[in-house]
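Taking it in order: structure first as structure tokens, then the write-up.
The values are calculated or read from the model by the stated rules, or taken from the named source; none is laboratory data. Please read all numbers here as calculations on a predicted model, not as lab measurements. Cβ coordinates were reconstructed from backbone atoms using ideal geometry, including for glycine residues, and neighbour counts include every protein chain displayed. Heavy atoms of the whole protein, side chains included, go into the accessibility calculation; ligands, DNA and RNA do not. Shrake-Rupley method; radii C 1.70, N 1.55, O 1.52, S 1.80 Å.
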Amino acid sequence: MNVLDVNRQSPVVIVDRDDVARRRLGAWLEAAGYAVREYATAREALEADSAEWLAVCLELVLDDMAGLDVLRHLRARDTTLPVIVLTRNLQLDTAVDATRMGAFAFLDKSSEPARLERTLQSAAKTRRMTWRAPRGAQEGGAERLIGAIVGRSAPMRTLARQLDRILQSDVPVCIFGETGTGKELVARAIHEQGARAKGPFVAVNCAAFSEALLESELFGHERGAFTGASAQHRGCFEQAQGGTLFLDEVGEMSPATQVRLLRILQERTLRRVGSTTEVRVDVRIIAATHRDLVAEVKAGRFREDLYYRLAVYPVKVPALRERPTDIISLSDHFLEKFGGASLVLADEAREALVRHRWPGNVRELQNVIQRAILSCDGERIELADLPPELRVLVLPPVPVAPPALQRMAEDLPPSPDVVVPLRELERREILKALTVTNGSITHAARLLGLGRATLYRRVAELRIQREPEPG
């Protein structure tokens, strides 16, 4: 395998309790041109510095910690680190959980080496792009609004104007938005375009740690403060001195941790766990959450005084469905970032991307594009390269209804003494509309008061048979 531009000082890390499997994979990776680092336990991997890792090959079955917990910790520490899950008999619910935690790909250990090769190439390319691309630089013609934020839509331009107002101040910012909308990207833009750009940017996902671990991660601890504390640890507040501390998913903090955080924000000092010494802190706080913190305050789950400390300047990142004009520009941006300038989207693929509702927002779109890049054979992403739930959104036009369909439609309305299931009534109304409009989805959708994409989806879900187009 020819691995271009691989930094030999940046290893691919293998975390696997099986010595034989770990060493076999390590030898194959070294022969392929990668630097390799191996760990048999989760503890060893999590104690190491992952900043220079190129990618991680993670076995989910470990002796000292669940693999999903290792994935959560790695992604909380470094959201750009590609983690490839290597395991046997991966269950669907496990795959869903791992996807939500940000797994880059899933491979069965018995997969062909060529498949792992392609996945690692894509992961390495993704990782190197995050190292090499300067923040705010123009890439591939994608329109940058501020920092690395891409978009042309009115909601995103409004967001950019809001951010411009607070770049040169130290006012605390709270970023609201659904999961996957890019809240950390917004936080990084505030930091990198602001007055503290020369200082560190430290991010911590508050949902990724238990209460005790989160306090140690944020505030640090002294040697011997608790079992396993073998050395002094400087927490995220101290690591971010002179820069920005990003508290992601701050709404998941426990009440006790909220109290400690509030004190630090008020006093600008902290005590490490197990210490009696006060440490001065000088950081800008940016928080983010997918929760409605006002509702959380009313429900008694989030402190009102902490809310007002964090949300001095609130901003909302719009969901992707609220800015559909950005879908294609983001898709093209991800295509070039992960696949190269030669890759393009076929028209049907573009139509499917625009019609999808994107419940996972930009993160879901990025994931779909990355998988499509791995699936396509040439330099063109076809509709067939997209997931099934997107492919059904683009169906060929319905031809003029056949005689059998017309007879079924004419059999309405049913007898007043017969109770027809709602699903069957919906199916009959759709059949009737298609008959009246000679198979025109556009006209039938208008009669039914539906969008075209919705009617296409219902036709597929209700398994309404259509005659093949004459040819």
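General remarks:
- Mean shadow area of segment 163-258 over all directions, Cα convex hull, nm²: 6.9 nm²
- Nearby aspartates and glutamates by direct alpha-carbon distance to residue 337 (threshold 15 angstrom, same-chain neighbours under 8 apart not counted): 139, 143, 379
- Distance cut-off 21 Å, percentage of C-alpha pairs in segment 7-75 lying past it: 19 percent
- Debye intensity ratio in log₁₀ form over the Cα atoms of the chain, taken at each q of 0.07, 0.09, 0.11 Å⁻¹: -0.46, -0.73, -1.01
- Share of carbon and sulfur in the accessible heavy-atom surface of the chain [1.4 Å probe, %]: 49 percent
- Listed peptides 33-41, 376-384 by packing density, highest first (mean Cβ within 10 Å): 33-41, 376-384
- The chain, accessible area per residue, ligands and nucleic acids excluded (1.4 Å, Å²): 49 Å²
- Rolling a 1.4 Å probe over the protein heavy atoms leaves residue 290 with an accessible area of roughly 80 Å².
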